[in-house]
Every structure is written in structure tokens, then in C-alpha cells.
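The values are calculated or read from the model by the stated rules, or taken from the named source; none is laboratory data. Keep in mind that what you see is a predicted model, and the values were worked out from it rather than measured. Quick reminder, even Gly has a Cβ in these numbers, built from the backbone with ideal geometry, and neighbours come from all protein chains shown. Heads up: the accessible areas ignore ligands, DNA and RNA and are worked out on the full protein's heavy atoms, side chains in. Shrake-Rupley method; radii C 1.70, N 1.55, O 1.52, S 1.80 Å.
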Amino acid sequence: MDLLTGILATTFLAGGVLALAAMGEVLAERVGVVNLGAEGLMAMGAITGVATVAAVPSPALGFAAALVVGALFGMVFAFATVTIRANQVLCGLALTLIGTGLANTIGRSYSGTPSAAVFERVEVPLLSDIPILGPALFSQNVLLYLIYIVLPLGLHYLLFHTRHGLNMRAVGENPAAADAAGIPVGLIRFAYVTAGAALCGGAGAYLTLAFVPAWSDGMVAGRGWIAVSLVIFAGYRPVNAVLTALLFGLITSIGFVGQARNWPVAAPFLSMLPYLGTIALMIVPVLAWQKVRRLMAAPAALGEPFYRDVR
Amino acid sequence: MLQGLRLQRLPSVQPGIALAMRALAIAIVVLAASIALLVAGEDPIALGAQLVSATFSSTFGMEDFGLLVIPLILTGLSVAVGQQIGIWNIGAEGQFLVGAFAATAVGLFVPGPAWLILPLIIAAGALGGVVWILVPTLARAFVGVNELITTLLLNFVAALLVYYVSTGPWRDRVGMSNSSTPRITVEMPEFWGLIHWGLPIAILMALAAAAILAFSRWGYEVRLSGSNPSAAAYAGIAVRRHIITVMLLSGLIAGVAGAFELAGTVHRLQGGISNNFGYLGIMVAVLARNSCVGVIFTGILMAFILNSGIILQTQGITTSAVLAMTGAILFLTAIGDELAHYRILRAGSTRA
């Protein structure tokens, strides 16, 4: 029973990183911009979180600072890809290299020491006493409620039940038509690429302030890329993105349990699971159900810059 | 004055401007790095002079530099070959690692004379690279799964695999280190000083790839499939088959790079053997605008940048800082490439 609780708790904890970053990526991709810089943004967010709490021991401040740093880098990325309309793949790869390289450079002086302050667990009265589920769901850090309840429902409502959300999706599907209808394509793309990047920065801070409370070189370890893949698998829907992230949380936590219980599998092989799982998830569903492709299709104008003045 | 001018976007990049933009991108990043060094209390000009003299005024410096050129030309070539058909192979890092891994397996466990083992090592590296890109290739060709992400994710798996064997079952039980395998006995013959024959072979591979792409029917079909897949398919070209061969070739080149690095430079498998060569290869290919001949020169340029980072390590600059600088150059290059689509026209000009 303790094992089950442990697995569940780690699933939610580990899935949170991916869920937050994937929701950020959903925002950018829904308005038609692929941000392959998620990995770099998370690295910058992670080191910002650590550096901020080292100066002022407040995890909330560290998280907020990471959101701001993510947004700043997002604005640079949006300037290049939306305003100048440079190649999104190249700019995204560049952002990953910049973010990872810069974070590792800044992080040298923080390496190895635990984060000065972390998000503490909050016991929800009564609910946390439920057997098995209680400790896993209702005795977690406060960010998790934001990640699993507030954000996905809020973003789902925004995207699919408001006029503004309809405009966002129109910008991602057919920017020329959206433009003709008077929707400010460039502005909407700029705003949501920035907002999405802020969430990726936040995901990095979540990593160092709630999940693995310390900075180490290369600690993001491909989570940004996994988040980008999850978005495809989740059909560009925020609630699906969170559910898929939970699935990956589960895979990660199985790896942890395996290491803790000395399963006869070497630790590096257990660490491979999330990457191999992502690849399997990208291939198998499309193989099995051809219909999935149409249902979960990407926004039609994804990755394509919009030129109003050039025909 | 400015009101008399307007911009016109051309459908293709103007090569001269794109080249100038690359030079400008590098200049801006070097300037920014110099300012950062100045703020940190270093003297960037003295450091620059130190770099040039450390690299070019001694045999030792030239050897270090030349050894970096080999993997960078090859990983750059790997990415550039994929780009001919519009494929992003971001997994050269992983294919490099598995190439080195397979080469190590032959080097450690297959006994025999050097003239036989050395070709086997390189063949094993090539095979390792091909195996590592096989699943992304099939997924891309038959199911349409984005190869960029699948090739990239396998980099992490490859790194874990190499970490596992070099600290676990294959670790050096005799030597001091327990994070690498024993030294393999066979090595690449030397070409100039410590620089092994990988250098001329890498250059030949780049020239051969360029020639095949430019002059063969296969190369023509590949380039056409890359620039307009539906037109190519309509013309009866087997686009899917070309995607498969090009991707496997891309993986093969990266795998050979790993085998060269192992048998020519490092001689033992260890965790950091790939040294970001795969990621820097993207940069090499982009700077060369995916020209297979161009990667020879941009590979040399990238080697100089990387070598500078390694020399400056005592000044507190790390390979991570080099990675960040590379990213910044890539970012500005992407912007420059878009700007190279435009030309300035006078209002009322008849050249519309």
C-alpha cells in the first residue's frame, strides 16, 4: 500500500514538470508557432529559480522570477519568429542551445548545493487522510493544484469556450482568414508565444524548487523535448496534455521505484524509459488508428510564418 | 528619404546577403562575448591574441585544432545530407555515440591484425549510426512521425547507454579511471602529427557527397524531393525510398564520425566523448547553408570556436558558454536568412 501511494505521489510530482511545459507549448502551437526552445527555456527557469531563492528564500518569488525570465526569452523568440518571421525550427534549436549553455554557465556556482528554499507540502485537511489517494493527491506542494486543476481547466475554457480562444485558434489554423476578419494575427502570436515561454520557464523552476531541489548540469535532460512531443500526442489540447504528462510521471516513477527497490535492471536503463516511451507514444497510436491523425491534427498553419503584405 | 524606399520579399534567399549575414552574426556574438569578458574584468583583445597564438603558432595547438575539425565536418555533413531532402537529423549526437560504442565493441573484443580490425571498427561505427537512426527513419517514412523529435530523444538514450557500459560492464578494471573503458589497441594511422587519417577521409566524404548530389540521377531526385515533394512524387520519383536512404546515410556519416573519434582521437569510450559534436554539427550545416562542400569550411570555423572555448577554460569559459554562443550565432543566422529574402526598392520603381 505504501508502494502504491509512493508511485502515485511521484507520478503527480514528476508529471507536473511536463504538464506545465506542455501547456506552455500548447499555447504557442495553437496560435501557429512551434517553439522548440522549451528545453532551453526550462533550463533558464530552473537556474533562475535556484539563483532567486539563494538570494531571497521565497519559492514563490523564485517561481515568479522564472516566469519572467521565460517570458523575456519568449519575447526574443517571438520577435525573431513572429515579427521578423525567421525560421521557427532554427530559432527554436538556437534557443535550446542558448538556454542550456547559459544555464550551465551560470549554474556552475550553484552546482551541488540544494536549493535554499523549496515549495513545501501542504496537507489538505480531511482529504489528505483518505487512504492511498489522500497522501498522493492532497499532501503535495501548492503548485501542483495550479498545474493539474487551475491551468488546464482555465486554458481549456479560454481556448474552446471564449471568443478570444476562437480567435487564437483561427490564427493557428488560417491566419490569412483571421487577418481578413480583423484579428490581430501578429499580436496574438507574439502574446501567446511569450505566455507559453513563461510557462516553460515556470516548469524549470518547478523542477528545481519542487521536484529535484538542487541545480546540476544538464538536469533538464530532455524534458523540454518530451513536453514538445506530448503536445503532439495530446492533440494540442491542454487537458489532454496534462493527462499525458501524468502518464509520463507514471513511467518516471516506475523508474524511481525500480532503483529504490533494486530491481535487477541497471539504473541507466530505467532512466531510458521516458525517452523510449515518448518515441513509442509518437509512433504506436498513429500506426494503430489512422483516424487519430485527423482528429488530433495540428493547427493547419503550424510553423508557417504569416506574411500579410507579400503575396 | 526613407519614405522613398520600400521592401520587396523575394521567394528565395540571396546567397551573397545570406553569407554576409552569417559573418555579421558571428561578429555580433564575438563582440557581445568580448563585452561580457570586459565586464568580468578580462582583456578580450589579449585573450584573442592568446587564442590565435595558442592555436596556430605551435604544432601542439594545430593538432588539437585539427582533431576537432574531423568530427565537426562529419556531423555537419550528416545534418547537411539530411537537409537535402528536408530531413532534420538532430540525432547526430546519438548516432555519433552509438558509432563510438559499436567501434569500441569491435576494438575491445575482436582479436586480429590491425589492417583487418581497423576497417571493421569503422564499419561497426557506420552500422551503429545506421541502427540508431533506423526507427526514426521508418517512423518518418511510413507513419509520418516528425523525425526531429524522435532522433533527438534517442540522443539521451545513447548517452545513457554509453554511460552504462563505460562505467559498468566495460569499465577499465586495471587503470585509474572507472568512468571509461580500457584503451583499444588498434588506432587510426597518423596523417600529420597527431592528426589521423580521419581528416582527409572526412574531407573526401564531404566532396564525394557533394559530387553525388550534384551530378548523379539519385542526387537530382533527392534534391527535387527535398524542394518539392509533391512535384517529385507526381514525376514518379520514389520520395519515400529516397527519404529512407538519405536518413540512413545521414546516420551512417555520424556513426563513422564516432568511430573516427574513438579510434583516432580518444581511444577509449567514455561518457563525454560526443562533446556536443552532434549539436554543433547542426550549426556547421546551417552556416554552410547545407552545402556539402561548405561544411568543410564551416566545420573548420566551428572547430576554431570550440577550440577557443577549450583554451579559455582556465579563464572561466566553459564548453557550455561555447554552446550558448553557438546558439546565439544560430539565432542571428536564422534572422539573417529571413532578412536575406528582402531587397530594397525605390517607390515607383518599375522593377517590381
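Computed from phi, the 3J(HN,Hα) profile of region B:257-263 under the Karplus parametrisation 6.51, -1.76, 1.60 (θ = phi - 60°) reads 4, x, 5, 4, 4, 6, 7 Hz, with x in place of Gly and Pro.
Below 8 Å, C-alpha to C-alpha, sequence gap of six or more: please give me the relative contact order for chain A in percent. Intermediate values should be presented prior to the final figure.
On the way: 587 pairs, mean separation 115.6, N = 311.
Dividing the mean separation by the residue count of chain A yields 37 percent.
Our analysis of the protein assembly as shown gives Rg over Rh at 0.97, with the two radii drawn from alpha carbon positions and Rh computed by the Kirkwood formula.
Separation of region A:224-297 and region B:163-238, taken as the distance between their Cα centroids, equals 30 angstrom. Adding -39500 (n - 2.57) for every DSSP H run of four residues or longer, then dividing by how many residues the protein assembly as shown holds, sets the calculated 222 nm ellipticity at -22000 deg cm²/dmol.
A simple count of charges around B:Ala36, restricted to other residues whose Cβ falls under 14 Å of its Cβ and scoring Lys, Arg +1 and Asp, Glu -1, yields -2.
With a 1.4 Å probe on protein heavy atoms only, tell me which residues of region A:82-113 lose at least 50 Å² of accessible surface in the complex relative to the chain by itself. When all protein chains are present, A:Ile84, A:Leu90, A:Leu93, A:Leu97, A:Ile98, A:Arg108 each give up 50 Å² or more of accessible surface. Ranked by the mean number of other Cβ atoms within 10 Å of their residues, highest first, the peptides B:15-26, A:85-96 fall in the order A:85-96, B:15-26.
Accessible area per residue for region A:45-88 is 35 Å², calculated with a 1.4 Å probe on protein heavy atoms, without ligands, DNA or RNA.
Taking amide H atoms as placed 1.01 Å from N in the peptide plane, the amide H of A:Asn141 lies under 5 Å from those of A:Val122, each 5 or more residues away in sequence or on another chain. State the percentage of accessible surface on the protein assembly as shown attributable to carbon and sulfur atoms; use a 1.4 Å probe and exclude ligands, DNA and RNA. It is 69 percent, rounded to a whole number.
For the peptide B:86-95, the mean number of other protein chain Cβ atoms found within 10 angstrom of a residue's Cβ is 1. Using a 1.4 angstrom probe on protein heavy atoms only, the contact between B and A buries about 3600 square angstrom of accessible area, both sides summed.
Counting only Cβ charges, +1 for Lys and Arg and -1 for Asp and Glu, the dipole size of the protein assembly as shown around its Cα centre is about 1720 debye. Database remark: amide H of B:Ser180 closer than 5 angstrom to the amide H of B:Asp172 (H placed geometrically; neighbours at sequence offset of 5 or more, or on other chains; Pro and chain starts carry no H).
So if we plug the beta-carbon distance of B:Ala233 and B:Trp115 into 1/(1 + (r/R0)^6) with R0 = 60 Å, what FRET efficiency do we get, rounded to 0.05? Once the sixth-power term is evaluated, E becomes 0.85.
Once R0 is set to 41 Å, what does the formula 1/(1 + (r/R0)^6) return for the Cβ-Cβ distance between A:Asn262 and A:Val68, expressed as a FRET efficiency to the nearest 0.05? Computed FRET efficiency for A:Asn262 and A:Val68 comes out at 0.45.
Comparing Cα centroids, region B:54-108 and region A:99-153 end up 40 angstrom apart. Run the numbers on chain B and let me know its relative contact order in percent, using alpha-carbon pairs under 8 Å that are six or more apart. The normalised contact order for chain B reaches 34 percent. In region B:111-154, the residues whose accessible area drops by at least 20 square angstrom when the other protein chains are added to the isolated chain are B:Val135, B:Val143, B:Val145, B:Leu148, B:Ile149, B:Thr150, B:Leu152, B:Leu153, B:Leu154; the probe is 1.4 Å and only protein heavy atoms count. The residues of region B:189-256 expose, per residue, 52 Å² of accessible area to a 1.4 Å probe. When the other protein chains are added to the chain by itself, burial of at least 40 square angstrom of heavy-atom accessible area (probe 1.4 Å, ligands and nucleic acids ignored) affects these residues of region A:244-283: A:Pro268, A:Phe269, A:Met272, A:Tyr275, A:Ile279, A:Met282, A:Ile283.
From the square roots a ≥ b ≥ c of the eigenvalues of the alpha-carbon gyration tensor of chain B, which class results: rounded (a/c under 1.5), prolate (a/b over b/c), or oblate? Cα axes put chain B in the oblate bin. Summarising the amide proton neighbourhood of A:Ala214: residues at separation of 5 or more, or on other chains, whose placed amide H is nearer than 5 Å comprise A:Ser115. Among the DSSP helices (H) of chain A, those spanning at least 30 angstrom by Cα along their long axis with an average Kyte-Doolittle hydropathy of 1.0 or more are A:2-30, A:185-206, A:238-260, A:267-288; this is a geometric and hydropathy rule only.
I need the Debye-formula profile for region A:2-295: one equal scatterer per C-alpha, no solvent, reported as log10 I(q)/I(0) at q = 0.11, 0.15 1/Å, two decimals. Taking Cα atoms of region A:2-295 as identical point scatterers yields -0.64, -1.18.
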